[in-house]
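S.K.: Sharing a structure, written as structure tokens. Questions coming.
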Amino acid sequence: MIGNRITYRKADGVRIPGTWRHAFICNGGTYFLTDLVMYADGLIDCWGLVTIDEFEQKLRSGWVATDLPEGAEASAHDLAMWKFSEPRTWLTPELLLAEVRDTIDQLNGRPDSTARCLAAVDAFLADRTEENRATARAAYLAIPETQRRYALGDMDRKDWPLQVLVVGVGGRPDSWSDEPVSEKAYEDALAYFEERARLIAERPLRVPADGPATPHAPAIHLAHSYPRQRVDDPGMVGLRNDYPAPIDIDGITYSSVSQAYWALSVTDSTTRAAIAVADTSHAARKLAADATQREGWEHARTAVMITLLRVKYMQHPDLAEILRATNDATLIYDDADSGFWGDNAGRGRNWTGRLLELVRSELHAQRVGIR
């Protein structure tokens, strides 16, 4: 299961999502506790990237260890060393391999063994033949044993209704009880799945009290651009801070948000005036870089930027409409000069994108009369 253990690696500039779990690697007779990292493209890092087939070979050879011998030396690298005493593990090569395959399916948004089992159960409930029951039972047994109890997501009943359903009346579940399934137990299981289906059907109709947690619109990438003059239909370029949209701040007109930002960042009034009339945002930034920065600027700059953005979109209704039309999309802003303001392929903090989303929300609120 992925949970909150999210990582990635980059291949040809593309982020490959991944996750990890703990595992032991046996090297030179010592068992090293390490992270087993699995990626969506099927590669697995167990002290080197391998394919799923190569990973299986490492499992079979004991390099990735599921058998922990009594008295064997173990190490958590620079953290600790110890020897196994009465070690107990439920993993086998087959079980760990199945769990890894499930994880790769989950990283790709594909049905894993649990999802395939539940689909087979739905097929059986829709057409209750013994053939469909056998298919559902086989799908249940294909779930890694360590994951079966979580298949229904029910921490009270665990997988008991599922076991009862797939063996039928008179059948013997694989765990929990040696008694054959009674007619009543089977009817209870059917009722359980009917109620479960009802709740699942209602789930999409439930609207969160505060609205959706994730955007409906796809993310919008505000890529690097260096606009030199206004155009009638700038599109997303109009949302760039260096787009020539003059703004008035305290009676001084700046040709763009960027120039106003750099002017306000310096202490010297002469430099500030020079920045205000600089030909480009790049030139304004260079002037600011050579001047003395205002004390505490790094702590105040976010507040300054949100003020400038509000002024820009208040004074330029056409650009405000472009911003508003992005709806609830995540705005990913690139900034060649700053990992603070730009997302920069996931390496930056994207504060410009975040503040644009805040201004956009304020514009939507103004339109519907929310104060």
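S.K.: Among His22, His299, His224, which one moves the most in a GNM of the chain with springs linking Cα atoms closer than 10 Å?
M.R.: Comparing His22, His299, His224 in the GNM, the peak value goes to His299.
S.K.: List Leu43, Leu319, Leu205 from most exposed to least, where exposure is judged by having the fewest other Cβ atoms within 10 Å.
M.R.: Values: Leu43 20, Leu319 17, Leu205 6.
Ordered by Cβ neighbours within 10 Å, fewest first: Leu205, Leu319, Leu43.
S.K.: Take the chain, compute every pairwise Cα distance, and split them into 20 Å bins from 0; I just need the percent in each bin.
M.R.: Going from the shortest bin to the longest, the percentages are 21, 34, 31, 13, 1.
S.K.: Here's something else I'd like to know. Run the quick spin-label model on Gln315 and Tyr226: label points 7 Å from Cα toward the beta carbon, then report their separation in nm to one decimal.
M.R.: About 2.5 nm, to one decimal.
S.K.: Let me ask something else. Taking other Cβ within 10 Å of each residue's Cβ, how do Met81, Met236, Met155 sort, fewest first? All intermediate terms of the calculation are to be shown ahead of the outcome.
M.R.: Details: Met81 11, Met236 17, Met155 8.
Taking fewest neighbouring Cβ atoms as first place, the list is Met155, Met81, Met236.
S.K.: Another question, then. How many times 2.2 N^0.38 Å is the alpha carbon radius of gyration of region 220-367?
M.R.: In units of the globular-protein estimate, region 220-367 measures up at 0.99.
S.K.: When the Karplus curve 6.51 cos²θ - 1.76 cosθ + 1.60 is applied with θ = phi - 60°, which whole-Hz ³J(HN,Hα) does each residue of region 37-43 get, with x for Gly and Pro?
M.R.: 9, 10, 10, 5, 7, x, 7
S.K.: Over what distance in Å are the Cα centres of region 238-261 and region 23-84 separated?
M.R.: Here the answer is 57 Å between Cα centres.
S.K.: Let me ask something else. Considering region 63-155, what Rg and Dmax in Å follow from its alpha-carbon atoms?
M.R.: Considering region 63-155 through its Cα atoms, Rg and Dmax are 18.2, 58 Å.
S.K.: Continuing with the same structure: Quantify how much of the Cα-Cα distance distribution of region 113-198 extends past 18 Å, in percent. Intermediate values should be presented prior to the final figure.
M.R.: Values: 1289 of 3655 pairs.
Tail of the P(r) past 18 Å holds 35 percent of the pairs.
S.K.: If exposed means no more than 12 neighbouring beta carbons inside 10 Å and the site is in a DSSP loop, what's the longest run of the chain without any exposed GluC sites (Glu not before Pro)?
M.R.: 71-294
S.K.: Right, another one. Would you mind pulling out the separation of the Cα centroids of region 103-181 and region 306-353, in Å?
M.R.: 48 Å
S.K.: What do you get for the angle between helix 183-202 and the principal long axis of the chain? Use alpha-carbon atoms, 0 to 90 degrees, nearest ten.
M.R.: 10 degrees
S.K.: Could you tell me which chymotrypsin sites (Phe, Trp or Tyr not before Pro) in region 88-147 are loop residues by DSSP with no more than 11 other beta carbons within 10 angstrom of their beta carbon?
M.R.: Trp90
S.K.: A further question on this structure: Please arrange Lys58, Lys312 by counting, for each residue, the other beta carbons lying within 10 Å of its beta carbon, fewest first.
M.R.: Fewest to most other Cβ atoms nearby, the residues stand as Lys58, Lys312.
S.K.: Can you give the charge dipole size of the chain about its Cα centre, rounded to the nearest 20 debye, using +1 on the beta carbon of Lys and Arg and -1 on the beta carbon of Asp and Glu?
M.R.: The calculation lands at about 1040 debye.
S.K.: Quick check on region 7-107: take the gyration tensor over C-alpha atoms, sort the square-rooted eigenvalues as a ≥ b ≥ c, and tell me if it's rounded (a/c under 1.5), prolate or oblate. Show your work: numbers first, answer last.
M.R.: Details: a/c = 2.32, a/b = 1.72, b/c = 1.35.
Prolate shape, in that a/c is at least 1.5 and a/b is the bigger ratio.
S.K.: Amide H of Asp337 versus every other amide H placed in the peptide plane: which residues, excluding those fewer than 5 positions away on the same chain, fall under 5 Å?
M.R.: Counting only residues 5 or more places away or on other chains, the set is empty.
S.K.: Per the Debye formula with a single identical scatterer at each Cα and no solvent contribution, what log10 I(q)/I(0) holds for region 251-317 at q = 0.15, 0.19, 0.21, 0.26 Å⁻¹?
M.R.: -0.43, -0.69, -0.83, -1.18
S.K.: Here is a follow-up. Could you list which residues have their amide H under 5 Å from that of Asn27, counting only those 5 or more apart in sequence or on another chain, with H placed in the peptide plane?
M.R.: HN-HN under 5 Å from Asn27: Phe32.
S.K.: Using only helices, what value at 222 nm comes out for the chain when you add -39,500 (n - 2.57) per DSSP H run of length 4 or more and divide by the total residues, to the nearest 500 deg cm²/dmol?
M.R.: Working: 12 runs with 148 residues, N = 371.
My calculation for the chain gives -12500 deg cm²/dmol from helical runs alone.
S.K.: Tell me which trypsin sites (Lys or Arg not before Pro) from region 155-210 have a DSSP coil assignment and no more than 10 other beta carbons within 10 Å of their own.
M.R.: Arg206
Only the coordinates and a few stated rules stand behind these numbers; no lab work does. All values reported here derive from a predicted model rather than from experimental measurement. With ideal geometry, Cβ positions are generated from the backbone for all residues, glycine too; neighbour counts draw on all protein chains shown.
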